[in-house]
Amino acid sequence: MISAQAPWQTLVRLELLEMLGEHIEFPEPDFRLRYLFDHFPCDQLTATEFGCWYGWHTVPLARKFKHVTAMDVRPGNVAKTLLRLNLLNVKNVDVVLANVEEVEFETDVLVHIGVLYHLFRPAAHLHQVLNKCQTICLDTHINKPDLQPVTEHYNGETYTGGLYKEYGWKDPLSGVGAHSLWLDEHVLRSVIAKHGFVVVHEERHVVPAGPRLNLVATRNIYV
Ligand SMILES: C[S@@+](CC[C@H](N)C(=O)[O-])C[C@H]1O[C@@H](n2cnc3c(N)ncnc32)[C@H](O)[C@@H]1O
């Protein structure tokens, strides 16, 4: 029934759910979570995960953190995350249907993987959410030369980046609007620094859509 409501296009290893979807092996936990898991006292901390998709990162996060709140804007993604958590008997997660540009929250660690580059006002969003966490695990595309230059204005400041065309509501991995803004790397770093966060780990990687940066930045020195 759930597959009929929202097609099950998962690339995630589904364990008990494999019979419901195409099975392609993905490592779990993903490399972007490893630094957090190895260097932070996760069992004493809460995590909020933005853009949980089908719960790929949610399950390993729940196994490490005291409590996880996982959010996604697509009802189909929320339903599949709930189903996955229930079948795997994971109890310490709240799954919330929400647009992360509008949500109220407080958390120790914000897990922000694959969502910032789907927003049209990423600088405003970053300024808001960095006030509500102590640590952020951020993985995002950064601007690349073939995108049309574009600017975002927030609180009297100008933020530069490139304009990217989104794939639309029916794509379970996409943003909400027609376009998003991929921030210039120095702009992204300056917003994070302005909130007193220090980058304690970073990795670059490239996927077919372009270059990505994975940062762990914190105001608390656990490491
Ligand atoms: C590229 S996927 C990343 C999924 C997962 N975090 C990962 O790393 O594999 C983007 C996810 O963010 C969700 N998303 C996009 N824009 C959102 C928004 N404004 N509020 C909440 N979720 C959003 C999408 O529905 C999708 O599940």
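What follows draws every value from the coordinates through simple rules; no lab data is involved. This is a predicted model, so every value here is computed, not measured. Virtual Cβ from ideal backbone geometry, glycine too; neighbours counted across all protein chains shown.
Annotations for the structure displayed:
- For segment 66-168, the list of trypsin sites (Lys or Arg not before Pro) that fall in a loop by DSSP and count at most 12 other C-beta atoms within 10 angstrom reads 91.
- For the chain, with +1 on Lys and Arg beta carbons and -1 on Asp and Glu, the positive-most of 129, 65, 105 along the dipole: 65
- Among 186, 179, the order by Cβ neighbours within 10 angstrom, fewest to most, reads 186, 179.
- Check: the chain dipole with +1 on Lys, Arg Cβ and -1 on Asp, Glu Cβ, in debye: 120
- Whole-number Å³ per residue for the convex hull built on Cα positions in segment 102-217: 106
- Ignoring the sites themselves, the chain has its longest run without chymotrypsin sites (Phe, Trp or Tyr not before Pro) in a DSSP loop having at most 16 other Cβ atoms within 10 Å at 1-104.
- Under the span-like rule (Cα at least 20 Å along the axis, Kyte-Doolittle mean at least 0.5), DSSP H helices of the chain: none
- Under the criterion of Cα pairs below 8 Å and six or more residues apart, the relative contact order for segment 47-129 equals 36 percent.
- Restricting the calculation to Cα atoms, every distinct pair contributes to the Kirkwood radius of the chain, found to be 17.9 Å.
- Per-residue [θ]222 nm for the chain (sum of -39500 (n - 2.57) over DSSP H runs n ≥ 4, rounded to 500): -6500 deg cm²/dmol
- When every Cα-Cα distance of segment 59-167 is counted in 10 angstrom steps from zero, the calculated P(r) takes the values 12, 39, 32, 14, 3 percent.
- Two-site label geometry, residue 174 and residue 105: point separation in nm, points 7 Å out along Cα→Cβ: 2.3
- Excluding same-chain neighbours fewer than eight residues apart, the lysines reachable from residue 170 by a Cα-Cα span under 24 Å are 80.
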